[in-house]
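The values are calculated or read from the model by the stated rules, or taken from the named source; none is laboratory data. All values reported here derive from a predicted model rather than from experimental measurement. When we count neighbours, we look across all protein chains shown, and the Cβ atoms used for this are built from the backbone with ideal geometry, even at glycine.
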Amino acid sequence: MTVPSASPEGDVCCEVLIVGGGPTGLFLAALLARRGVGVIVLERRAAPAEHSRAIGLHPPALRALREVGLERTAARVGARIRCGRARSRGRELGRLRFARAWPGRPYVLSLPQSRTEELLADRLAESAPGALRRGREVTALRERADGVEVTARRMGEAGETGSTAEPLRLRARVVVAADGSRSTVRELLGIGTTGTEHRDAYLMGDLADPDSAGAEGTGSHGVGTDRDALIHLEPGGVVESFPLPGARRRWVVHTGRGDLAEPRSEVLTRAIRERTGMRLDPGTTSMISAFSVRRRTAQRLVTTRCALLGDAAHEISPIGGQGITLGWLDALDAAPLLARTVRATAGGRSSRGPLDADPAWQRLERVCRRRARVAGLIAHANTALGRPLPGPFAAARTLGVSIALRTPLRHVMAWTYSMGWARRR
Ligand SMILES: Cc1cc2nc3c(=O)[nH]c(=O)nc-3n(C[C@H](O)[C@H](O)[C@H](O)COP(=O)(O)OP(=O)(O)OC[C@H]3O[C@@H](n4cnc5c(N)ncnc54)[C@H](O)[C@@H]3O)c2cc1C
């Protein structure tokens, strides 16, 4: 592997610099390290994330984890969701199973994002010790024909700036922006976004699962289990729940269109009780947050020496939970191109020219855009399906879903939901 080094001026030099140590950045770094590419990841947060945030890893994401040797580990510590059950007003409408769409991986894995990031960071540390540099926020960058100069500042544990510390200067042949939906790199490159804001608001919380209490829970993250996802299509708005490892469950409730609801456990458990009759103990809440949804895509994903991947490139509604999978598919496609690009410029050999003029990078941009468009449309449909509806419309929706789940249409729905359309050869 080409190890990062220091230039005569004291700048840190590496082949690929990844900005952002979220799921996309860490996964890409692990892939590149396996290919022997000298990689550095700069992550603004000084400490690992604790928020459970994204939990759904679809079969293409599990396939991606295999590339860094983590599929089995993830499957062991996550909760396997083989079946989704749709309900309304106390009645079961039907079931969706993923076995037909993905015979080899017949489930969506539920694993808190904090745990996913921990697994990836550990894997990266094994193959490229010191590559992940936490508490470093990128504040400026300058693209040149043969590389990028980057400036970063140190951040403390509480997110405060290390004001007395000298800014860090780094040079890389290529910079990858994996710094999320509010990407600083995207802004520094002057790349705008297009898209739409939805007015749908949600409350989300992780609570003890009364149905699985006592059935598991060895170790701090619990052990893998098979439990069902529940989707309650109610006139007041959808109530979704997904198993989490460790006898817990993630609840997501549509709270209307407009302002966000107050992120309090009692507000969440009351909405669940009023719509479904289920009584949950708010005292068992380990995470609660309110969010709204939007869909945005960067106007360019590739520039002279930079590429945007993951949420920095495309943000979609979390309803349907495809964001991490999309970022990893971007990374799988970008890794061989990055390796090829740094090899072509190694040892002072002349640059192959701007990335955005290279047909392979242009193709990558098209592929990433197409995937994000499909995922965005599916997430949009999921969001629309869960909106509050007046009585007769809610009854028509219930009827439509129960018919679909009793006909071969359910196989199409399972294929769509489990991202069968994103299968890689
Ligand atoms: C409520 C909610 C639920 C979701 N549920 C799911 C789900 O179930 N399944 C799913 O697949 N997706 C889900 N998503 C989406 C998923 O969380 C994102 O798609 C995913 O986190 C994107 O990963 P990323 O690495 O591209 O960006 P991020 O996770 O946003 O990571 C970006 C990283 O960059 C760092 N950073 C930012 N700026 C800088 C800077 N200037 N310098 C250095 N570092 C910087 C940040 O600290 C962060 O660690 C959900 C999202 C939300 C909000």
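Here are some notes:
- Residues of region 379-409 classified as out of contact with any His (no Cβ under 9 Å at 6 or more places or on another chain), closer than 30 Å to Asp330 by Cβ and touching a residue at least 12 places away in the same chain (Cβ under 8 Å), total: 3
- Residues satisfying the criterion are absent from region 73-96 (criterion: under 28 Å from Arg154 (Cβ atoms) and in contact with a helix residue (DSSP H, G or I) (Cβ under 7 Å, 6 or more places away or on another chain)).
- Selection count where residues are at pLDDT below 95, under 29 Å from the mean Cα position of the chain (by Cα) and closer than 17 Å to Arg305 by Cα, scope region 344-398: 1
- Residue tally, condition farther than 30 Å from Pro392 by Cβ and assigned to a loop (DSSP other than H, G, I, E, B), over region 235-279: 6
- Residue match in region 151-171 (condition: at pLDDT 95 or above, β-branched (Val, Ile, Thr), out of contact with any Ser or Thr (no Cβ under 6 Å at 6 or more places or on another chain) and more than 13 Å from the ligand (Cβ to nearest atom)): no
- Selection of region 280-290 for residues being surrounded by 16 or more Cβ atoms within 10 Å (Cβ to Cβ) and not in a helix (DSSP H, G or I) yields Leu280, Thr285, Met287, Ile288, Ala290.
- Failed item, numbered, when Ala335 is tested on (1) surrounded by fewer than 18 Cβ atoms within 10 Å (Cβ to Cβ); (2) of a type in the set (Gly, Ala, Ser); (3) within 16 Å of the ligand (Cβ to nearest atom): (1)
- Scanning region 24-53 for residues that are within 7 Å of the ligand (Cβ to nearest atom) and touching a Gly at 6+ places or on another chain (Cβ under 6 Å), we see that the one that is nearest to Thr341 (Cα to Cα) is Thr24.
- Any hit, region 349-364, residues being more than 12 Å from the ligand (Cβ to nearest atom), in contact with a Lys or Arg (Cβ under 7 Å, 6 or more places away or on another chain), under 27 Å from Arg173 (Cα atoms) and of a type in the set (Ser, Thr, Tyr): no
- Arg366 vs. criteria assigned to a helix (DSSP H, G or I) and without any contact (Cβ under 8 Å) to a residue 40 or more places away in the chain: yes
- In the set Arg250, Arg296, only one residue is crowded, with 22+ Cβ neighbours inside 10 Å and out of contact with any His (no Cβ under 6 Å at 6 or more places or on another chain); that residue is Arg250.
- If you check Val267, Val239 for being under 19 Å from His198 (Cβ atoms) and touching a residue at least 24 places away in the same chain (Cβ under 8 Å), only one passes: Val239.
- Of all residues in region 96-155, those that are without any contact (Cβ under 8 Å) to a residue 24 or more places away in the chain and charged (D, E, K, R) total 5.
- Any hit, region 4-15, residues being touching a Cys at 6+ places or on another chain (Cβ under 8 Å), within 19 Å of Met155 (Cα to Cα) and not in a helix (DSSP H, G or I): no
- Considering each residue of region 301-322 in turn, at least one proves to be in a helix (DSSP H, G or I), within 16 Å of the ligand (Cβ to nearest atom) and of a type in the set (A, V, I, L, M, F, W, C).
- The single condition among (1) over 22 Å from Met287 (Cβ atoms); (2) more than 10 Å from the ligand (Cβ to nearest atom) that Glu187 does not satisfy is (2).
- Test: residue in region 5-15 that is among the acidic types (Asp, Glu), more than 11 Å from the ligand (Cβ to nearest atom) and buried (at least 24 other Cβ atoms within 10 Å of the Cβ): yes
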